[in-house]
Amino acid sequence: MVDFATEEEVLAGIQWFNRLFILTYKPNIWGFHAHLIWHCTKPRIVSFEEQYLSDRHLDIGVGNGELLSTCRFPSARPNITLLDLSPVSLGAAARTLARYQPRAVQADCLQPLPLEPASFDSIGLIHMIHCLPGTMEQKAVVFDNCLRVLAPDGVVFGCIIMGQGVRHNWLSRGLLRAYNWRRIMTNLNDSVDDLDQALEARFSRHKVDVVGSVAFFTAWA
Ligand SMILES: C[S@@+](CC[C@H](N)C(=O)[O-])C[C@H]1O[C@@H](n2cnc3c(N)ncnc32)[C@H](O)[C@@H]1O
């Protein structure tokens, strides 16, 4: 039996996504943390993401939208839906991606998604699952929610900063503990093996690769 996160725990995962955080997102996340702490850079994630993006794409946990904006889509006019619990993130990403006229949906990804069944060919969960509360088993509810809105041949992909089963040094381990203590992240006990099992239990096939402190996953319906 899986216990689900409380509303307070879920809201803790978006507490830092305020205007100041969004303004400093690029140097903070894609500069300092990507290069010096997690050892997994933005170009590495962009090239991963571009393999799977479709023209009916749902992005969950959108940050400031910069990463998705850097990616090339299969066509010039993709149909993009952005979903995030934070109105600040959602607004920033919608502005960054305005050239695509995305649909913006404010919702908690741990709850059933307020979207049409089978309406997406790709769903991205980039660097967001470590912001969700609970164990990997509890967080895996997001995969069940994705499966309900994913087309039969669709793909779910993403990456997660992990606490276990990846490379850490004293600095990344120290920051990981601090961020977990402040509840910016909940991932000290998240392991690559647990992710693998959660995907195995739900998808027809999947793969997981590790780069630095980050696990990349791809799973097919
Ligand atoms: C670290 S950011 C990742 C942003 C983006 N994917 C990127 O790589 O730049 C995590 C995002 O997940 C969102 N988020 C956290 N908890 C959420 C939840 N329960 N439901 C939906 N979005 C959530 C945050 O508001 C934030 O925009």
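The values are calculated or read from the model by the stated rules, or taken from the named source; none is laboratory data. Note that the structure is a prediction, hence the values are computed from the model and not measured. Cβ sites come from the backbone with ideal geometry, for glycine too, and all protein chains shown count toward neighbours.
Tabulated data for the structure shown
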{"read-out": "Residue in the range 100-109 that is in contact with a strand residue (DSSP E or B) (Cβ under 8 Å, 6 or more places away or on another chain), in a helix (DSSP H, G or I) and over 16 Å from Q15 (Cα atoms) present", "value": "yes"}
{"read-out": "Residue within the range 92-112 that is buried (at least 23 other Cβ atoms within 10 Å of the Cβ) and at pLDDT below 95 present", "value": "yes"}
{"read-out": "Condition met for D144 (acidic (D, E) and either surrounded by fewer than 18 Cβ atoms within 10 Å (Cβ to Cβ) or more than 8 Å from the ligand (Cβ to nearest atom) (or both))", "value": "yes"}
{"read-out": "Some residue of the range 148-156 being away from the ligand (no atom under 15 Å from the Cβ), of a type outside the set (S, T, Y) and touching a Lys or Arg at 6+ places or on another chain (Cβ under 8 Å)", "value": "yes"}
{"read-out": "Matching residues in the range 176-192 - criterion: being modelled with pLDDT of 95 or more and surrounded by 14 or more Cβ atoms within 10 Å (Cβ to Cβ)", "value": "L176, N180, T186, N187, L188, D190, S191, V192"}
{"read-out": "Residue ranges of helices (runs of 4 or more DSSP H) in the range 110-221 with at least 3 members within 21 Å of I14 (Cα to Cα)", "value": "136-139, 141-149, 170-181"}
{"read-out": "Any chance L110 is under 21 Å from N28 (Cα atoms) and within 12 Å of the ligand (Cβ to nearest atom)", "value": "no"}
{"read-out": "Residues located in the range 34-45, provided they are touching a residue at least 24 places away in the same chain (Cβ under 8 Å) and within 10 Å of the ligand (Cβ to nearest atom)", "value": "K42, I45"}
{"read-out": "Among the candidates I129, I123, residue that is more than 10 Å from the ligand (Cβ to nearest atom) and buried (at least 19 other Cβ atoms within 10 Å of the Cβ)", "value": "I123"}
{"read-out": "Residue that is farthest from the ligand (Cβ to nearest atom) [pool: residues in the range 83-99 that are among the aliphatic types (A, V, I, L, M) and part of a loop (DSSP other than H, G, I, E, B)]", "value": "L97"}
{"read-out": "Qualifying positions in the range 50-82 - at pLDDT 95 or above, near the ligand (Cβ under 9 Å from one of its atoms) and crowded, with 23+ Cβ neighbours inside 10 Å", "value": "D59, I60, G61, V62, G65, L68"}
{"read-out": "R77 closer than 27 Å to G212 by Cβ and either acidic (D, E) or touching an Asp or Glu at 6+ places or on another chain (Cβ under 9 Å) (or both)", "value": "no"}
{"read-out": "Residue within the range 8-15 that is surrounded by fewer than 19 Cβ atoms within 10 Å (Cβ to Cβ), more than 9 Å from the ligand (Cβ to nearest atom), closer than 21 Å to P112 by Cα and not aliphatic (A, V, I, L, M) present", "value": "yes"}
